[in-house]
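Input: a single structure, listed below in structure tokens.
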2 protein chains.
Amino acid sequence: MFESAEVGHKVDKASFDAQVPGLREALLEAQFLLREKPEFAVVVLISGVDGAGKGETANLFNEWMDPRHIETVAFGAPTDEERERPFMWRFWRALPPKGKIGIMFGSWYTDPIVNRVNRSTTNAELDKNIADIVEFEKMLTAEKVVLVKLWFHLSKEAQEKRLKALEADPKTRWRVTKDDWEHFKIYDRFRKYSAHTLTATDTGNAPWTIIEGNCPRYRSLYACNTLLERIRQQFARLEHAQATPPAPAAAPRTALDNRTIISNLDLSQKLSKKDYEAQLEKYQGKLALLTRDPRSLKKSVIVVFEGVDAAGKGGAIRRVTGALDARHYSIVPIAAPSDEERAQPYLWRFWRHIPRLGRVTIFDRSWYGRVLVERVEGFATQAAWQRAYTEINHFEAELIKQGAVVVKFWLQISQDEQLRRFEERKETGFKAYKITDEDWRNRDKWPQYEVAVNDMIEHTSTEIAPWTLIGANDKYHARIKILKTLCEAIESALDK
Amino acid sequence: MFESAEVGHKVDKASFDAQVPGLREALLEAQFLLREKPEFAVVVLISGVDGAGKGETANLFNEWMDPRHIETVAFGAPTDEERERPFMWRFWRALPPKGKIGIMFGSWYTDPIVNRVNRSTTNAELDKNIADIVEFEKMLTAEKVVLVKLWFHLSKEAQEKRLKALEADPKTRWRVTKDDWEHFKIYDRFRKYSAHTLTATDTGNAPWTIIEGNCPRYRSLYACNTLLERIRQQFARLEHAQATPPAPAAAPRTALDNRTIISNLDLSQKLSKKDYEAQLEKYQGKLALLTRDPRSLKKSVIVVFEGVDAAGKGGAIRRVTGALDARHYSIVPIAAPSDEERAQPYLWRFWRHIPRLGRVTIFDRSWYGRVLVERVEGFATQAAWQRAYTEINHFEAELIKQGAVVVKFWLQISQDEQLRRFEERKETGFKAYKITDEDWRNRDKWPQYEVAVNDMIEHTSTEIAPWTLIGANDKYHARIKILKTLCEAIESALDK
């Protein structure tokens with residue numbers, strides 16, 4: 001991987017001086033175009049060995065372009081708010097919106113490589129990290145993020161020479177720390193695992209650029225030209241995409257009969273009022289104890305409520321929160337995204353609400369909107385909602401890895417029962433329950449939704465984050481089943 | 001202050017049961033109306049003595065209303081991200097947007113009272129805190145936040161009885177901690193300083209409601225009725241405001257002649273290219289050292305750039321950032337607010353960018369937009385921009401209190417010079433510098449802007465955060481003066 005970056009690349013001063021003015025103007029122009037047509041974001045990862053010019057390059061980008069539209073983030077030790085959330089949270093948090101360029105110093109590559117070099121992970125664990133990264137980057141690029149991954153390299157000899165030269169000069173001596181020499185000692189291991197990781201993540205959508213760091217002129221020209229090309233390429237791609245019809249996505253499976261997971265669901269289960277009240281007290285009490293258990297401080301709980309209109313999500317949520325302390329939970333109702341959310345990859349608006357350890361977050365509708373309403377209404381392209389299944393499974397795995405208990409409910413009622421409830425709501429004067437035209441329109445699309453729900457469950461009911469289907473024609477039955485499922489999920493997570 | 005909350009208020013069960021259904025429906029309806037017409041936000045502060053029902057009341061609000069549109073926040077120990085920012089940052093961060101109800105457990109009152117009770121502050125310091133709170137709450141309410149401040153009270157005897165009763169019951173024994181008894185020991189001091197603070201902050205726009213906490217039924221009804229009334233009152237006020245023309249604001253001072261701070265400014269100062277280059281190197285070097293000084297880890301630097309169009313803000317900013325490490329600064333260009341920002345008090349969009357210690361944030365245009373473009377274009381009412389001077393001064397004082405160095409530059413060029421630069425920009429093909437129609441429109445309003453700038457400087461050039469006026473007809477002179485001023489400000493802050 002690094003061979004071509006050890007050949008002693010150089011650019012002489014005359015040639016550098018001749019190229020710089022044009023390059024700077026082209027960079028500024030590309031940046032300006034991106035501001036005018038904010039159709040994608042650019043993320044530049046700056047990684048590599050110490051002394052190879054990483055800091056200098058970040059400064060150069062800021063100097064040669066308009067720094068007002070560049071967001072530079074250096075990831076050092078995580079803050080406590082970051083430590084109590086999934087590993088990827090801090091990177092999501094730092095993503096630039098469309099139209100901007102983000103420069104990341106240190107990235108999702110740092111920990112996987114360093115942990116393997118330090119022997120705190122195994123080869124298998126590193127490979128799992130790599131697989132996660134590949135999926136994550138696939139999602140980012142599909143969501144209109146241009147990923148420019150720069151790796152600044154120095155051969156072992158060159159690094160030693162560089163550190164010694166810095167030390168010899170009284171003006172730069174302070175820049176060489178004990179850490180730098182410690183890192184140099186493990187150069188070979190670092191090189192080995194970096195090469196392994198880079199090779200495995202050098203994908204078509206997010207390729208690596210390896211830059212020899214010895215000659216500042218070479219390094220600067222190469223880094224800036226790479227950035228410029230990638231931005232231009234993306235504009236060219238967008239133009240091409242507008243001019244040509246989208247390639248047909250794989251056709252969704254057609255069912256051979258009318259049976260779906262939903263049509264197969266038993267909606268007749270019932271609970272008497274008396275049993276309901278007894279069990280409500282029992283399971284709310286249990287939930288109250290579980291969420292106050294000292295062990296739950298090391299866990300977070302994420303509950304997803306999805307379901308057809310009027311299936312009773314709101315009432316069910318209130319029976320859950322009735323058992324919780326208001327200081328420890330949040331409810332996130334998902335409606336239309338804000339403009340800040342629209343300027344980010346789809347999952348960003350959910351990442352921002354991911355709770356710290358010890359807390360409960362309830363999503364009233366969720367990221368599954370992508371494969372439900374956005375699919376049925378055509379707001380998302382077929383390609384987008386089809387890849388969403390994988391993206392969502394990875395997202396949930398990321399949450400769970402860090403200690404989240406993810407519990408997902410689908411609330412189903414029959415068409416007759418929905419009609420009955422709509423009519424009933426029309427009757428009651430109470431405005432909070434008014435039925436909108438949209439509710440009636442959604443009802444007309446019942447068959448399309450049924451297929452979408454069926455596919456969603458098929459693709460995203462995983463072992464670590466299964467769907468629980470709730471037959472909700474009888475509210476008592478539904479609420480108790482929800483409380484009971486939630487208790488069991490938390491209990492089993494605490495016992496682990 | 002607390003006398004009427006020690007008379008043994010009680011509500012019997014029959015009367016409670018009779019009132020609850022109507023009250024709950026009314027609360028839900030008010031909440032629904034607020035969602036439909038998101039014209040203000042509601043913040044409920046829950047404070048008072050231990051054991052007086054604070055937690056129970058927060059849970060009750062969530063139970064009786066739709067918890068999906070309530071955001072409950074409990075302020076415990078600050079996170080490290082919060083500790084490294086001004087005291088008020090965490091409260092700004094937790095403000096609900098318009099249309100929502102936020103419940104805050106612990107608030108900006110907790111520290112001032114507790115610090116005085118613990119003797120870590122003096123009476124004078126407490127009174128300074130109180131004065132700051134009064135101004136902060138005045139701003140919040142002027143910015144369409146309804147502040148419902150609830151104080152739950154128990155007499156000393158009642159609190160003792162309550163703690164003993166909880167301890168006697170095996171089921172509730174865990175709720176009484178050592179801390180509770182420690183707090184009880186200092187009941188008298190706590191009562192004294194609470195009473196003092198509450199009296200001084202019991203304003204017409206943000207009054208306190210003192211609730212005796214003994215009887216849960218009384219407490220619940222009183223708290224919920226207070227919230228309901230305040231929401232209804234605000235709707236009534238808005239309706240009234242729409243129906244009546246706004247009261248005329250105090251007329252802005254008319255100058256008796258045409259002299260302003262701006263017209264008095266010497267724009268003829270110049271620097272030769274040679275001197276410029278020498279001084280640029282000198283001051284950039286100095287700035288580089290100052291921002292890398294270990295003492296600067298305990299400070300943050302906030303730089304504001306304002307000025308007429310084409311005065312050279314962008315170029316000046318690049319000369320500043322040229323001396324900084326890209327990993328340590330952010331530039332915040334201020335354009336139109338996002339919809340999330342529009343749903344919050346005016347200063348919220350700036351608070352969200354306030355840096356941690358050790359970092360530099362540069363605002364390219366700023367909160368002064370309120371008294372410049374918003375005033376001149378009529379986007380803000382006269383009442384709004386007139387009160388903004390005080391709000392801004394308090395905001396900056398809050399930043400400085402925690403260790404920020406605030407440096408504010410106004411860049412001024414003459415009308416002739418502006419015209420020359422506009423024409424020049426039209427000539428150069430380079431798109432980043434294109435002149436928009438808006439630039440020409442702004443130019444037509446030169447006299448109005450000149451008055452606005454004059455007033456802004458008069459009202460907001462404070463001892464702790466003075467304006468530096470930059471005659472910028474000559475770019476070299478301007479840039480050097482900016483760098484020099486910035487170095488001096490940081491140097492003097494580090495020496496303190």
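Nothing in this text is a laboratory measurement; each read-out follows from the coordinates by a stated rule. Note that the coordinates shown come from a computational prediction; the quantities given were computed from them, not determined experimentally. When we count neighbours, we look across all protein chains shown, and the Cβ atoms used for this are built from the backbone with ideal geometry, even at glycine.
How large is the helix-only mean residue ellipticity at 222 nm for chain B, computed as the sum of -39500 (n - 2.57) over DSSP H runs with n ≥ 4, divided by its residue count, in deg cm²/dmol to the nearest 500? Intermediate values should be presented prior to the final figure.
Details: 20 runs with 253 residues, N = 496.
Result for chain B, helices only: -16000 deg cm²/dmol.
Between B:Phe235 and B:Gln19, what FRET efficiency comes out of the Förster formula 1/(1 + (r/R0)^6) with R0 = 30 Å and r the beta carbon distance, rounded to 0.05? Could you put the intermediate results ahead of the total?
Working: r = 22 Å, r/R0 = 0.72.
After rounding, the FRET efficiency stands at 0.90.
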Can you list the distances in nanometres, one decimal and ascending, from the A:Leu265 label point to the identical position in each other copy, with the point 7 Å along Cα to Cβ? 6.6
From zero up to wherever the largest Cα-Cα distance of region A:273-495 sits, split into 10 Å bins and tell me the percent of pairs in each. 7, 32, 37, 21, 3, 0
Can you give the angle from 0 to 90° between the axis of helix B:13-36 and the longest principal axis of chain B, with both taken from C-alpha atoms, to the nearest 10? 20 degrees
Got a sec? How would B:Asp293, B:Asp437, B:Asp364 order by Cβ neighbour count within 10 Å, fewest to most? B:Asp437, B:Asp293, B:Asp364
If I take R0 = 60 Å and measure r between the Cβ atoms of B:Asn225 and A:Ile464 in this structure, what FRET efficiency does the formula 1/(1 + (r/R0)^6) give, to the nearest 0.05? 0.80
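At 0.890 mPa s and 25 °C, plugging the Kirkwood radius over alpha-carbon pairs of region B:3-243 into Stokes-Einstein gives what diffusion coefficient in µm²/s?
Estimated diffusion coefficient is 129 µm²/s.
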Cross-link reach from A:Lys156 to aspartates and glutamates, straight Cα distance under 18 Å and at least 8 residues apart if same chain, gives A:Glu3, A:Glu6, A:Asp50, A:Glu167, A:Asp179, A:Asp180, A:Glu182, A:Asp188, A:Glu212
Distances in nm between the label point of B:Phe422 (7 Å along Cα→Cβ) and its equivalents in the other copies, shortest first, are 5.8
Past 19 Å, Cα to Cα, is the threshold; run A:Lys401/A:Lys496; B:Lys313/B:Lys408; A:Lys282/A:Lys313 against it and keep the listed order. A:Lys282/A:Lys313
Binning at 20 angstrom from zero up to the longest distance, how are the C-alpha pair distances of the protein assembly as shown distributed in percent? 11, 38, 37, 13, 0
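Assuming R0 = 35 Å, what is the FRET efficiency of B:Arg83 and A:Glu182, from their Cβ-Cβ distance, to the nearest 0.05? Before the final figure, lay out each step's value.
Numbers: r = 30 Å, r/R0 = 0.87.
Efficiency for this residue pair is about 0.70.
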Semi-axes (Å, rounded, descending) of the ellipsoid equivalent to region B:1-123 per its C-alpha gyration tensor are 29, 23, 11
Taking Cα atoms, the helix A:475-495 axis meets the longest principal axis of chain A at an angle in degrees (rounded to 10) of 40 degrees
Hey, quick one: spin label on A:Ala142, modelled 7 Å out along Cα-Cβ, who in region A:382-425 has an amide N within reach, i.e. under 12 Å? A:382-395
Determine which aspartates and glutamates satisfy two conditions relative to B:Lys98: a Cα distance under 13 Å, and not lying fewer than 8 residues away in the same chain. B:Glu36, B:Glu39, B:Glu71, B:Glu143, B:Asp339, B:Glu340, B:Glu341
Relative contact order for region A:3-243: what percent, with Cα pairs under 8 Å and sequence separation of 6 or more? 32 percent
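Please compare each pair in A:Lys13/B:Lys273; B:Lys13/B:Lys164; B:Lys298/B:Lys481 to a cut-off of 31 Å on the Cα-Cα distance and tell me which ones are over it.
Numbers: A:Lys13/B:Lys273 24 Å; B:Lys13/B:Lys164 24 Å; B:Lys298/B:Lys481 26 Å.
Flagged as over cut-off: nothing, all pairs pass.
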Rg and Dmax [Cα atoms of chain A; Å; Rg one decimal, Dmax integer]: 26.8, 89
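Note down the relative contact order for chain A as a percent, whole number, built from C-alpha pairs under 8 angstrom at least six residues apart.
Details: 655 pairs, mean separation 93.2, N = 496.
Averaging sequence separation for qualifying contacts and normalising by length gives 19 percent for chain A.
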So, in nm, how far is label A:Glu427 from label B:Lys274 when the simple model puts each one 7 Å beyond its Cα toward the Cβ? 9.6 nm
Fewest to most neighbouring Cβ within 10 Å: what's the order for B:Trp410, A:Trp92? A:Trp92, B:Trp410
What does the copy distance list look like for A:Leu297, label position 7 Å along Cα→Cβ, in nm and ordered from shortest? 2.8
Could you work out how far helix B:123-142 tilts from the main Cα principal axis of chain B, as a 0 to 90 degree angle to the nearest 10? 80 degrees
